[in-house]
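For reference, the structure is listed below as structure tokens.
Read the figures in this text as sums done on the coordinates, not as results from a lab. If you're wondering where the values come from, they're calculated on a predicted model, not measured in any experiment.
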Amino acid sequence: MAGLPLSELDQPLGQAKRAHASKPYARWFWRGLSGGLAALFAGLILYAALKRDPNGGEPIAIAMIRERPAAPDIAKASPEPTTRDDRRGPASASQLETESGVTVVRPGSDAPGAIIITVPDDGTVKLAPAPDKRLVERTRHGLLPKVGPDGATPAQVYARPLGPSPVAKSAGRIAILVGGLGISQSSTSEAIARLPGPVSLAFAPYGAELEKTVQRARSEGHEVFLQVPMEPFDYPDNDPGPHTLLTGPKGTDNLDRLQWVLGRFSGYVGIVNFLGGRLTADDMTLTPLLRELAGRGLMVVDDGSSPRSLLASAAAKAQIPALKADLSLDAVPRPETIDKELQRLETLARDQGAVVATASALPVTIERITRWARTLEGKNLVLVPVSAARGFRNPSTTGSLR
């Protein structure tokens, strides 16, 4: 039908329907918004460039500063005048006694009901520094002890002083020499730290940093001895170690071996045998060794392990300060056995005045001696160093007590 509008089905293919024209308001809005944002961003950049503030963006605080008024000159201020009495204090001793409430008892006057208070000494005993330059000579084996030009000896200078005398008369004196130190660092440190200062310590000539360890022991108040390895009856099955002093034809180098041992460290009071049942029973072998020790001003201690030993008696004949130990505390290293030997030690000290014992640096021995030593004050018994114990001996024999 002519003149009628065609439907979409009747329209020719490829002829799109004319689109309705959109209104321009939305486009103008977005263009305006984009332009405003661009102008704002450009303005911020321009402001930052012109401002050039290095602290821009950091917090800002404003504080008001006010000038403080000048402080008065204290140095120029005149002190308050003091009276003559203020400067001089009390006019007399009587006035001082009255004001303080303390009554002073003067010589010749009675003090009924007075109590005398004795302030005890702190017990600190310091040993002489070692090595003492007067008492050493330099050799190929190190520093060896010697008698000083003034007659001083290592046995005298390096010994631990007795310290203050006890207030009450002692019922007996006990000296203990603990040996075998310097090999095990743990046992050595424990012995130095735990054992009372009067307990003497004996170091073997083997081990690392002996000089340093010995000086630490001396700083804790322990006097020290040097253990000298000597030939036992079952040598070499039982070998005391390198540089052992030997008997017979094997002993031709004994003096050199002895000097090597003597040079291991300094500050020792004297020597004590380590084993040596055979050598200490041989007077011919002992003689040149004791002559060497006498010339070096050392003390000699026989540990008492061999009943046939001539060490102490031969040393006494050679005018060497010497003594022989009475018993060993830990020949059987069990707590109950050690405790029994300590009780025996107390009995000997009361009966004979003084007693000397030896022991090894075993943990059980150190523990039992430390525990036992705390009970001595209540028993009126006193621990003394080995060097001092000799003074309480009967001078006619090194093996007997008073």
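Okay, here's what the table says:
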item: Long-range HN-HN contacts of G270 with modeled amide H, under 5 Å; result: L226, M299
item: Amide proton proximity set for S360, modelled H, under 5 Å, gap of 5+; result: G179, D330
item: Nonlocal amide H pairs with G304, under 5 Å, H built at 1.01 Å; result: A325
item: Percent RCO, i.e. relative contact order, over the range 277-342, from Cα pairs under 8 Å lying at least 6 residues apart; result: 30
item: Whole-Hz couplings from phi, Karplus 6.51/-1.76/1.60, listed for the range 176-192; x for Gly and Pro; result: 10, 10, 9, x, x, 8, x, 8, 8, 5, 5, 5, 5, 5, 5, 5, 4
item: Using θ = phi - 60° and Karplus 6.51 cos²θ - 1.76 cosθ + 1.60, couplings along the range 378-384 (whole Hz; Gly, Pro as x); result: x, 9, 6, 10, 10, 7, 10
